[in-house]
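A.B. asks: What follows is a structure written as structure tokens; I'll ask about it next.
FYI, it's all coordinate maths here, none of it is from the lab. Being a predicted model, the structure only gives us computed values, none of them experimental. Glycine also receives a Cβ, built like all others from the backbone with ideal geometry; neighbour counts cover every protein chain displayed.
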Amino acid sequence: MEKLNLGNNFYVDEEYSSALIAYSEAIDSNLLQDDVNNRINCLSHRSGCYLKLHKYKQALQDCNQAITLSSQDVNNNNLIEIKEIIYERKGLALFALEEYEAAKKTFELGSSKIASSSTSRKAIYNRNIRKCDVEIKEMDLAPSVLPTVTTAVPTPAPISKSLAPASTPAPTSASSSASSSASSVSVSKSKRTP
């Protein structure tokens, strides 16, 4: 119970890595093995830490484990609010993982479990369901809306005779030796420069 409280303090102070460690220690301790409510509470809070740290798969795992544990004790009124939070966090993890259909179903299921007096939480669920609808619609439209991109390799235009370089006359023997020595000078110069 001490680790749970410590985790809660870290969470409030937005020290999510430290809260994660405290919740993990509480979950792993033997003290919570028989205390299902606090174990579910720790899993829920730890999933919140994972969400804040962008570790969505781990958040999803904790939510699924908490849901499984809470389903074993369906008549426990102490778990109603925690269940609402668990389903919300699970939906958020699925949404972040771009599993929009599953996220929407989770938000709908969570919304159905909300007490009628909790209109603010109902509004949060409805907003998240609408966000899922937008993403699902965009995914459905994406292939038909995006233009097909083809890459064409341009073919070079033929060179016309008017653009071709003029032919030069063949060198005579005197100019041939001059040209030959000029090229050897330029080669030797290029060899010396670094």
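A.B. asks: Provide the net charge surrounding residue 113, with neighbours chosen by a C-beta distance below 11 Å and charges set as Lys +1, Arg +1, Asp -1, Glu -1.
C.D. replies: On the way: positive: 83, 121, 122; negative: 81, 84, 88, 108.
After counting each charged neighbour, the total is -1.
A.B. asks: For region 36-102, compute the orientation-averaged projected area of the C-alpha convex hull (one quarter of its surface), in nm².
C.D. replies: 4.0 nm²
A.B. asks: While we're here: Tabulate in residue order the Karplus-calculated ³J(HN,Hα) for region 47-54, using 6.51 cos²θ - 1.76 cosθ + 1.60 with θ = phi - 60°, rounded to whole Hz; enter x for Gly and Pro.
C.D. replies: 4, x, 5, 4, 4, 5, 8, 6
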